[in-house]
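Worksheet: the structure to be examined is printed underneath.
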Amino acid sequence: MTQTSQGSSFHAMWRELLPIGRHPDSHGYRRFAWTGADTECRAWFQEQAEARGMSYELDRNGNQWAWLGDPAAGDAVVTGSHLDSVPDGGAFDGPLGVVSSFAALDELRARRTEFTKPLAIVNFGDEEGARFGLACVGSRLASGQLTVEQAHRLTDGEGISLPRAMEAAGYDPDAIGADHERLGRIGAFVELHVEQGRALDLSGDRVGIASAIWPHGRWRFDFRGEANHAGTTRLVDRHDPMLSYAETVLAARREAELAGAVATFGKISVEPNGVNAIPSLVRGWLDSRAADQASLDQVVGGIEKAAREYADAHGIALDIVRESFTPVVEFDHALRDELARILGKEAKDTDFTVPVLGTGAGHDAGILSGTIPTAMLFVRNPTGVSHSPAEFATEDDCVAGVLALADVLEGLATS
Ligand SMILES: [Zn+2]
């Protein structure tokens with residue numbers, strides 16, 4: 001394997017994408033669905049497809065496809081990711097997968113690989129859900145996991161509905177919906193993604209294969225007490241829900257540590273929200289994820305039990321509502337093993353190993369895994385930081401990712 005052709009094509013594409021949607025002060029990315037930055041990213045994708053003589057398709061749900069070979073032939077090998085971002089996100093989450101897909105194709109053309117199956121590169125729309133609050137809208141719509149009625153009810157922070165936002169960007173919101181025929185053409189989907197953790201850094205590997213996406217959910221905790229004057233109300237007379245909330249945050253940390261899981265209270269709203277007022281309501285949102293369902297149940301059950309005890313002790317009413325839940329996603333075992341076999345064979349005379357790891361983050365590949373065989377490759381992220389401008393992967397590791405993806409595509413699309 002050489003590191004010349006695919007390296008230069010990767011870097012040229014990377015440089016082109018870098019300025020799009022980057023905020024001048026935070027240096028974070030603000031590429032939200034159906035905005036100007038999103039449109040620029042989409043134009044870039046179409047240019048890449050056309051520059052390679054691929055046939056370009058925009059599907060009814062706003063996902064972009066670049067095809068090599070006849071899409072209707074079936075059993076296609078598809079790779080890709082997304083180009084949108086979280087608020088002030090990093091450069092790698094999403095774009096690394098799309099850029100690596102085109103670079104991998106360039107590498108295979110340099111190898112004069114003859115494909116026996118159609119090959120496609122995809123950019124899924126609105127993966128992060130930064131604008132409308134629901135992640136993976138493009139793949140959820142295509143797979144039928146999000147109904148048209150549900151999608152039409154989504155609104156952004158300014159009250160603009162998804163249909164109006166799509167219309168403003170020049171798309172037809174009445175055309176959205178399940179697209180089983182398009183997904184039915186796909187025999188395997190492989191998504192390359194920057195790792196959102198430090199497993200590869202700790203194991204010393206550049207590239208890994210995903211085993212599963214952890215089950216995860218969001219719970220809303222409403223602690224209701226009694227608003228009162230912060231200066232004149234004796235401590236013993238207070239019903240302060242902030243105390244129960246604070247104790248619950250500490251319990252979440254403790255329970256997560258016990259189970260080797262994660263639990264986060266990252267969002268809070270307080271009423272009346274006055275600096276000199278004891279709160280009447282503290283509403284906190286818990287996000288928790290664990291390697292398996294039993295561990296997640298243990299963590300969330302432990303936090304709920306502790307929260308109820310703290311609330312009782314302070315005379316606080318507590319309501320807990322599960323707002324969303326995604327069960328564990330096990331990636332297709334046969335495809336995962338095939339990837340390990342391909343990468344292991346390529347690496348037989350080096351010290352390259354292919355670790356298989358779980359992840360706590362959701363992806364389009366996870367959404368599609370219920371419909372088609374899917375797999376994921378992760379590229380090392382030395383700090384593990386993600387959803388932040390500090391998100392990073394080295395140039396050498398990015399090129400290693402391109403080569404691994406090229407090997408995988410070659411193995412799958414020539415068999
Ligand atoms: Zn992503």
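Compute the Cα gyration tensor for the range 1-94, then decide on rounded, prolate or oblate, letting a ≥ b ≥ c be the square roots of its eigenvalues: rounded whenever a/c is under 1.5, prolate when a/b is larger than b/c in the other cases, and oblate in all that remain. Display every interim value, and only then the final one.
On the way: a/c = 2.25, a/b = 1.35, b/c = 1.67.
Oblate, since a/c reaches 1.5 and b/c is not below a/b.
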> Once both axes come from the Cα atoms, what is the angle between helix 5-17 and the longest principal axis of the chain, in degrees from 0 to 90, rounded to 10?
Replying inline: 40 degrees
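Quick one: which of 374-387, 108-121 comes out on top by average Cβ neighbours within 10 Å, and what's the full order, highest first?
Packing order, densest peptide first, comes out as 374-387, 108-121.
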>> Under 19 Å from a point placed 7 Å out from the Cα of D172 along the Cα-to-Cβ direction: which residues of the range 43-65 have their backbone N that close?
In response: 56-65
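Taking only protein heavy atoms and a 1.4 Å probe, what accessible area per residue, in Å², does the range 217-325 have with all protein chains in place?
Details: 5940 Å² over 109 residues.
That works out to 55 Å² per residue.
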> Looking at the range 204-303, which trypsin sites (Lys or Arg not before Pro) are in a loop (DSSP not H, G, I, E or B) and have at most 13 other Cβ atoms within 10 Å?
Replying inline: R234
> Under a 1.4 Å probe, what is the accessible area of the range 1-119 per residue, stated in Å²?
Replying inline: 39 Å²
>> Let me cross-check E191: its accessible surface, 1.4 Å probe, with only protein heavy atoms counted, in Å² to the nearest 10?
In response: 0 Å²
> How much solvent-accessible surface does L258 expose, in Å² to the nearest 10, with a 1.4 Å probe and all protein chains in place?
Replying inline: 130 Å²
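Quote the charge dipole size of the chain about the Cα centre in Debye, to the nearest 20; the model charges only the Cβ of Lys and Arg (+1) and of Asp and Glu (-1).
Working: 37 positive and 61 negative charges, 77 e Å.
Dipole of the chain, to the nearest 20 debye: 360 debye.
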> Can you give the angle from 0 to 90° between the axis of helix 95-110 and the longest principal axis of the chain, with both taken from C-alpha atoms, to the nearest 10?
Replying inline: 10 degrees
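Using a probe of 1.4 angstrom, how much of the accessible area of the chain is carbon and sulfur, in percent?
Result for the chain: 50 percent of the exposed heavy-atom area is carbon or sulfur.
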>> What number does the range 134-241 give for Rg over Rh if you use C-alpha atoms and the Kirkwood radius?
In response: 1.19
> What value, in deg cm²/dmol to 500, does the helix sum -39500 (n - 2.57) over DSSP H runs of n ≥ 4 give at 222 nm once divided by the residues of the chain?
Replying inline: -11500 deg cm²/dmol
>> Suppose every Lys and Arg Cβ carries +1 and every Asp and Glu Cβ carries -1, with no other charges. What dipole size does the range 184-322 come out with about its Cα centre, to the nearest 20 debye?
In response: 260 debye
> Once the dipole of the chain is set up with Lys and Arg at +1 and Asp and Glu at -1 on Cβ about the Cα centre, which of A169, F92, A104 lies farthest towards its positive end?
Replying inline: F92
> Tilt of helix 36-51 relative to the longest C-alpha principal axis of the chain, in degrees (0 to 90, nearest 10)?
Replying inline: 20 degrees
> Per Stokes-Einstein, at 25 °C and 0.890 mPa s, what whole-number D in µm² s⁻¹ belongs to the chain, with the Kirkwood radius over Cα pairs as the hydrodynamic radius?
Replying inline: 108 µm²/s
> Looking at the square roots a ≥ b ≥ c of the eigenvalues of the Cα gyration tensor of the range 354-415, which shape do they give, rounded for a/c under 1.5, prolate if a/b is larger than b/c, or oblate?
Replying inline: oblate
> How big, in percent, is the set of alpha carbon pairs in the range 217-325 lying more than 15 Å apart?
Replying inline: 61 percent
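Nearest 20 debye, what's the magnitude of the dipole of the range 322-415 about its Cα centre given +1 on Lys and Arg Cβ and -1 on Asp and Glu Cβ? Walk me through the numbers on the way to the answer.
Numbers: 6 positive and 15 negative charges, 53 e Å.
That gives a dipole near 260 debye.
The values are calculated or read from the model by the stated rules, or taken from the named source; none is laboratory data. Just so it is clear, the structure is predicted and the values come from calculations on it, not from any experiment. All Cβ positions, even for glycine, are placed from backbone atoms using ideal geometry, and neighbour counts span all protein chains on display. Only protein heavy atoms, including side chains, enter the accessible area calculation; ligands, DNA and RNA are left aside. Shrake-Rupley method; radii C 1.70, N 1.55, O 1.52, S 1.80 Å.
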